[in-house]
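Undergrad: I am attaching a structure below and will ask some questions about it afterwards.
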Amino acid sequence: MLALLGAAPDIDDKYAEARAQIQQLKEEIRKKTTGQDDTVLQTQSRQEEKEHGTWSDTAGPDGAGAQGGGGGAGGGNKQGLYKLQPPATFKLRRKLPGHFGKIYALHWASNNEDIVSASQDGKLLIWNTATTNKKIAIPLRSAWVMTCAYSPCRRYVASGGLDNLCTIFNVKDSIGWDVNQPYRELQRHEGYLSCCRFVDDNQIMTSSGDASCILWDIDKTTAISSFVDHNGDVESVAICPNNKNIFVSGSIDAMAKVWDTRQGTNAIANFKGHESDINSVEWFPDGNAFISGSDDTTVRLFDLKAYKQLNIYCGEDILASVTSVGFSNSGYYLLVGYDEEPFCLAWNTMTCDREAQLDHPTRASCLQFSPNGYAIATGCWDRILRIWA
């Protein structure tokens, strides 16, 4: 016992020394990266403004202009730098009350009408956003749900949380209002289930607090591959839109990693930049870049081909953690949810300008553009889903 007590000061000294070394290494990294442009798109847009004036393009389905980085000079009018003229407005079109607990997750169905939402009232609800009616209610065994997803063919919905399970329900063949029995339960994670995304109607990807991601065969309820390369809880995953074998993950180790399910179980690319936990990741529509949102109050855009950061979206007045992120179909808009004021902002992807604020009374916990790009769904801790257009 005396030996243990005597060793305590030594442990404290070693801990303090390790902390000092970490700070020193961080300082060296900052010095070496000083001068590098981490906002390439914003810099490029300002240069073009000086050389050619400012531009706008014809609005698309989401009110956006040209494809790619949020706008383009070709065929535009000299009205605003990569900006719409007149600017798009985000109007609240529907409110969907019905949950009795905080809403934690939502996911659009491929028909652009139905949404599944998960709340801490212990239920999954499937809504028709056109009529605002609730179609199906699914009671969950655990009220501590953290994620939900809709399968591409609308046959299944999935959920997971602190029960460490990914539970899948067959809603295509359901009869009546309630779906009580799960179709499949996927059990292998040793930590909470933070996120799940269907690859197709036969496979699903999950991430967990056990620092791993798992690709599952739904019918066989078996793990196809396990991906373990993070040093902390994996908080979010997203499947690449143009290659279902590639996905990106974000973790509390402040790293975003890109994986290829055909190339073993180690990440094929690592992206640094955040200074705290990454809570949400999402792909750019063309699948060549992705965004990550973090507790460090920033959202960062990373490009796979350039293998670097292209933009950062933040402000001195924004002190809130990022809860969720999403792109419009053209990539013009970047939508970001926060846990405190301003709660929900629409950013110009190219210029890093704030385009609009979507008013919420409290934390905007989840958001997503509809598959066709015509609407936005947001979930809030006031227990109400909102549809914007």
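The values are calculated or read from the model by the stated rules, or taken from the named source; none is laboratory data. Just so it is clear, the structure is predicted and the values come from calculations on it, not from any experiment. As a convention, Cβ positions derive from the backbone with ideal geometry for all residues, glycine included, and neighbour counts pool all protein chains shown. All accessible areas refer to the heavy atoms of the entire protein, side chains included, with ligands and DNA or RNA removed. Shrake-Rupley method; radii C 1.70, N 1.55, O 1.52, S 1.80 Å.
Undergrad: Looking at the range 353-374, is at least one residue among the charged types (D, E, K, R) and under 24 Å from Thr132 (Cβ atoms)?
TA: Yes - at least one qualifying residue is present in the range 353-374.
Undergrad: Quick one: Gly331 ticks every box in (1) farther than 21 Å from Pro97 by Cα; (2) in a strand (DSSP E or B); (3) in contact with a Gly (Cβ under 9 Å, 6 or more places away or on another chain) bar one, so which box is it?
TA: Condition not satisfied by Gly331: (2).
Undergrad: Follow-up question, since we're still on this one. Among the acidic types (Asp, Glu), more than 24 Å from Leu367 (Cβ to Cβ) and modelled with pLDDT under 95, is that true of Asp229?
TA: yes
Undergrad: Given the condition at pLDDT 95 or above, surrounded by 22 or more Cβ atoms within 10 Å (Cβ to Cβ), in a loop (DSSP other than H, G, I, E, B) and out of contact with any His (no Cβ under 9 Å at 6 or more places or on another chain), answer yes or no: does some residue in the range 134-155 qualify?
TA: There is at least one residue in the range 134-155 that is at pLDDT 95 or above, surrounded by 22 or more Cβ atoms within 10 Å (Cβ to Cβ), in a loop (DSSP other than H, G, I, E, B) and out of contact with any His (no Cβ under 9 Å at 6 or more places or on another chain).
Undergrad: Determine if the range 157-168 includes at least one residue that is closer than 29 Å to Ile252 by Cβ, open to solvent by 20 Å² or more (accessible area, probe 1.4 Å) and of a type in the set (A, V, I, L, M, F, W, C).
TA: yes
Undergrad: List pairs: first residue in the range 327-340 and more than 15 Å from Ser370 (Cα to Cα), second residue basic (Lys, Arg) and open to solvent by 20 Å² or more (accessible area, probe 1.4 Å) anywhere in the structure, Cβ distance under 9 angstrom, at least six positions apart or on different chains.
TA: Final answer for the pair search is Gly337/Arg363; Tyr338/Arg363; Asp339/Arg363; Glu340/Arg363.
Undergrad: Looking only at the range 168-191, filter to residues that are among the aliphatic types (A, V, I, L, M), assigned to a loop (DSSP other than H, G, I, E, B) and closer than 17 Å to Ile218 by Cβ; which one of those is modelled with the lowest pLDDT?
TA: Only one residue tops the list, namely Val179.
Undergrad: Given the criterion under 15 Å from Ser207 (Cβ atoms) and either crowded, with 23+ Cβ neighbours inside 10 Å or among the polar types (S, T, N, Q) (or both), identify the matching residue among Ser328, Ser280, Ser294.
TA: Ser280
Undergrad: Restricting to the range 182-210, count the residues that are under 16 Å from Ile224 (Cβ atoms) and among the charged types (D, E, K, R).
TA: 5
Undergrad: Mind checking which residues of the range 240-270 are part of a strand (DSSP E or B), farther than 21 Å from Gly209 by Cβ and free of Cβ contacts under 8 Å to residues at least 40 places away in the same chain?
TA: Asp260, Ala269
Undergrad: All but one of (1) in contact with a Lys or Arg (Cβ under 6 Å, 6 or more places away or on another chain); (2) surrounded by fewer than 24 Cβ atoms within 10 Å (Cβ to Cβ); (3) among the polar types (S, T, N, Q); (4) within 17 Å of Thr89 (Cα to Cα) hold for Thr378, so report the exception by its number.
TA: Checking Thr378 against (1) in contact with a Lys or Arg (Cβ under 6 Å, 6 or more places away or on another chain); (2) surrounded by fewer than 24 Cβ atoms within 10 Å (Cβ to Cβ); (3) among the polar types (S, T, N, Q); (4) within 17 Å of Thr89 (Cα to Cα), the one that fails is (2).
Undergrad: I'm trying to understand the selection: among the residues of the range 315-348, which are aromatic (Phe, Trp, Tyr) and at positive phi?
TA: Listed by number, the list holds a single entry, Phe343.
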